[in-house]
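Visitor: Take a look at this one; I'll ask things after.
The values are calculated or read from the model by the stated rules, or taken from the named source; none is laboratory data. Note that the coordinates shown come from a computational prediction; the quantities given were computed from them, not determined experimentally. Methodologically, a virtual Cβ is constructed for each residue, glycine included, from the backbone with ideal geometry; neighbour enumeration extends over all protein chains shown. The area values use the complete protein model at the heavy-atom level, side chains included, leaving out ligands, DNA and RNA. Shrake-Rupley method; radii C 1.70, N 1.55, O 1.52, S 1.80 Å.
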Amino acid sequence: MMMGDTNTNTSSVGALVPSVKEDMKAAFSESDNKRGDVGGVEVVDKDLLCPICMQIIKDAFLTACGHSFCYMCIVTHLNNKNDCPCCSHYLTHNQLFPNFLLNKLLKKTSARQIAKAASPVEHLRLALQQGCEVSVKELDSILSLLSEKKRKMEQEEAETNMQILLDFLQCLKKQKLDELNEVQTDLQYIKEDINSVERHRIELYRARERYSMKLLMLDDPMATKVWPSPIDKHNSGLISSARSAHGGTYSRNFQNKKVDVKSQGSSPGHQRKDAFSGSEPQNVLTQSGLAVARKRRVHTQFNDLQECYLQKRRQGAEQSPKPEERDVNAINREGYHAGLDDFQSVLTTFTRYSRLRVIAELRHGDLFQSANIVSSIEFDRDDELFATAGVSRRIKVFEFSTVVNEPADVHCPVVEMSTRSKLSCLSWNKYTKNHIASSDYEGIVTVWDVTTQQSVMEYEEHEKRAWSVDFSRTDPSMLVSGSDDCKVKVWCTKQEASVLNIDMKANICCVKYNPGSSIYVAVGSADHHIHYYDLRNASAPVHVFSGHRKAVSYVKFLSTRELASASTDSTLRLWDVNENCAVRTFKGHTNEKNFVGLTVNSEYIACGSETNEVFVYHKAISKPAARHRFGSSDVDDADDDAGSYFISAVCWKSDSPTMLAANSQGTIKVLVLAA
């Protein structure tokens, strides 16, 4: 053990010894103990072992006291102690001598061992090399035997190759048959759905014809006489008889009526008809243009829509609803499958919109304050008011209708409340309309009364910056917060101290109550995971959702089972908290370091981007459905840092296509999804 400590060179050389041993083991793999098969050989083998390394002596040297060692072994030993390892007699380097006789015996022994382990072919090769006499007949016999052996080996190798090829082809056949069965099943679904849609389309066409006829009848009562309904067609024979009986009188009267109808061009009824006739082509053109645009969007996202359709159709086939649970409309449409109904809803909502249109804009920043980043923007319970907060240390409450309906360069907030620290998050109480909670950079969670503009409760238990706060929808007295101190705290507005504390290992970036329960909370963490807790047993999460590659900055619930998350890995993800699985990943925006906002409704997910853009995704499609850039007009031309602006907060107006978006410059826009 000391050799490696004293001399680096000797240790490196000494390390070769066991490696040589391993090589010899590999060469003589038939048996490690064959040397003892013949009597007397085992004793000789022991005499050939070095007393230091206990391996076959290599480069034997003899000591003055008559003991033999490996040269490197004894030299290394003498570098530490001046005695013989066997008899302890005094010994120096000058008393070492080469053992030529032992080296010769070692070479012969090694040659015998190699010959003993050699194959018959090797023996034959050695014999021929040494000039052994072999007759031609013996050589022919040997060649014939070798040729037969070669043919047998080639046959076995060919059979093995064929078996491998056959196994591969069978696996490929099975895979393709499975794919074919899947394609055939999908094709059957598609055929059934085409028939169902065609039938429903004919029904809609017939209904439209009936409505058109009714409108025509209401607009021009005379039309009932000129164009009889199909029900009255059987009376056409009587009409012909009447024409014959009256002779030309009927014809003249009818012509006079036509002239009278034409002369009514200035009448109000005819004006309505002209107005209808004039606007209908324009309306048809508009509808046609919209239809073309929607079809174009379908082809653009065809692969994602195809995947969505097949997924919903297969799931629908596996989970056929009970007759009493089927939708009424689905019952009326014979053969209209539930999966197709779900996909039609996705297709309709996805193709309906392609862009975001600005309908209002306001500035959040103050004239004398350069820090204008809006960290949070939220609608109140009734979507009548919205509040903003950020690094300006102010909570500003605006009236939505005023912002939209009264254009102005500067909109004054209806309420403004000052805070001691920069604000990170807001959350309106969904039961008490005038209550709103905030979290700030000092770790303080505050509940405000917007009416009195005073704080109702202040919680100061967090030791570091609090990033997120959220009111429970089902229990309005409860709220939850998360902080850089790696703690999640649950509060009650009726108590001054926290009612529950969850210690985690990484910084907390976001928290959110499940909208259907006050006991389930989703927590986004800097450890790249989402921890889903049942507050009744908060010692460990119910499930940990993994998939993001960086910190999880936001979590939002679309429904009681659908959870969306945002991360600084430039992705959004959709999760099923009931099945504990990932549903979809959304890509398109850029988010690597900033909080850029996340908002959801029942169908759409929206977020900001570090490219100063707002992105909108449909929950069933991975690519963006619409986007809007806060353009150059929003940025001062003299500002050299204009390219560094990013979207900092977004919020949907409930389930409407309207949303609020704010950027780091303090610009707030009211956006609406448009075709």
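Visitor: Residue 499: open to solvent by less than 10 Å² (accessible area, probe 1.4 Å) and β-branched (Val, Ile, Thr), yes or no?
Guide: No.
Visitor: If the requirement is being without any contact (Cβ under 8 Å) to a residue 12 or more places away in the chain, surrounded by fewer than 23 Cβ atoms within 10 Å (Cβ to Cβ) and small (Gly, Ala, Ser), which of these qualifies: 539, 559?
Guide: Exactly one of 539, 559 is without any contact (Cβ under 8 Å) to a residue 12 or more places away in the chain, surrounded by fewer than 23 Cβ atoms within 10 Å (Cβ to Cβ) and small (Gly, Ala, Ser), namely 539.
Visitor: If you take the residues in the range 502-528 that are assigned to a loop (DSSP other than H, G, I, E, B) and polar (S, T, N, Q), which one is most open to solvent (accessible area, probe 1.4 Å)?
Guide: This residue is 507.
Visitor: Between a residue in the range 646-675 that is within 18 Å of residue 389 (Cβ to Cβ) and open to solvent by less than 20 Å² (accessible area, probe 1.4 Å) and any residue that is in a strand (DSSP E or B) and of a type in the set (Lys, Arg), which pairs come within a Cβ distance under 8 Å, given they are 6 or more apart or on different chains?
Guide: 660/669; 661/669; 662/669; 666/363; 667/363; 668/363
Visitor: If residue 88 satisfies every condition in (1) open to solvent by 50 Å² or more (accessible area, probe 1.4 Å); (2) within 30 Å of residue 146 (Cβ to Cβ) but one, which is the exception?
Guide: (2)
Visitor: So is residue 87 outside any helix (DSSP H, G or I) and farther than 22 Å from residue 48 by Cα or not?
Guide: Judged against the criteria, residue 87 is not a match.
Visitor: Sticking with this one: Being touching a residue at least 40 places away in the same chain (Cβ under 8 Å) and not aliphatic (A, V, I, L, M) is the filter here, so list the residues in the range 111-152 that pass it.
Guide: Passing the criteria: 113, 116.
Visitor: Considering 518, 477, 455, which residue is modelled with pLDDT under 95, of a type in the set (Ser, Thr, Tyr) and under 24 Å from residue 649 (Cβ atoms)?
Guide: Just one listed residue meets the conditions, 455.
Visitor: Run down 539, 559 and say which single residue is over 24 Å from residue 507 (Cα atoms) and assigned to a loop (DSSP other than H, G, I, E, B).
Guide: 559
Visitor: Just to be sure, is residue 371 surrounded by fewer than 22 Cβ atoms within 10 Å (Cβ to Cβ), among the aliphatic types (A, V, I, L, M) and either modelled with pLDDT under 95 or not in a strand (DSSP E or B) (or both)?
Guide: The answer is yes for residue 371.
Visitor: Are any residues in the range 599-632 part of a strand (DSSP E or B), open to solvent by less than 10 Å² (accessible area, probe 1.4 Å) and over 18 Å from residue 560 (Cβ atoms), and if so, which ones?
Guide: The answer is 606, 607, 608, 614, 615, 616, 617, 618, 626.
Visitor: Here is a further query. I'd like to verify a number: residues in the range 120-139 that are open to solvent by 60 Å² or more (accessible area, probe 1.4 Å) and of a type in the set (Gly, Ala, Ser), how many?
Guide: 0
Visitor: With the structure loaded, tell me whether residue 567 is crowded, with 18+ Cβ neighbours inside 10 Å and over 17 Å from residue 488 (Cβ atoms) or whether it fails that test.
Guide: For residue 567, the condition - crowded, with 18+ Cβ neighbours inside 10 Å and over 17 Å from residue 488 (Cβ atoms) - is met.
Visitor: Given the residues 142, 164, 190, which is the only one that is open to solvent by 80 Å² or more (accessible area, probe 1.4 Å) and hydrophobic (A, V, I, L, M, F, W, C)?
Guide: Only one candidate passes the filter, namely 164.
Visitor: Condition (residue is over 16 Å from residue 421 (Cβ atoms), open to solvent by 10 Å² or more (accessible area, probe 1.4 Å), of a type outside the set (Asp, Glu) and in contact with a His (Cβ under 7 Å, 6 or more places away or on another chain)) applied to the range 470-488: is it met by at least one residue?
Guide: Scanning the range 470-488 turns up at least one residue that is over 16 Å from residue 421 (Cβ atoms), open to solvent by 10 Å² or more (accessible area, probe 1.4 Å), of a type outside the set (Asp, Glu) and in contact with a His (Cβ under 7 Å, 6 or more places away or on another chain).
Visitor: Can you confirm whether residue 531 is assigned to a strand (DSSP E or B), at negative phi and buried (at least 20 other Cβ atoms within 10 Å of the Cβ)?
Guide: Against the criterion (assigned to a strand (DSSP E or B), at negative phi and buried (at least 20 other Cβ atoms within 10 Å of the Cβ)), residue 531 qualifies.
Visitor: If you don't mind, another one. Take the residues in the range 325-368 that are basic (Lys, Arg) and closer than 22 Å to residue 386 by Cβ, then tell me which one is modelled with the lowest pLDDT.
Guide: For the range 325-368, the residue satisfying everything is 363.
Visitor: Output the residues belonging to the range 383-407 that are in contact (Cβ under 8 Å) with a residue 24 or more places away in the chain and more than 16 Å from residue 426 (Cβ to Cβ).
Guide: 403, 404, 407
Visitor: Considering each residue of the range 122-148, count those that are over 25 Å from residue 112 (Cβ atoms) and in a helix (DSSP H, G or I), and give that number.
Guide: Looking only at that region, the number is 12.
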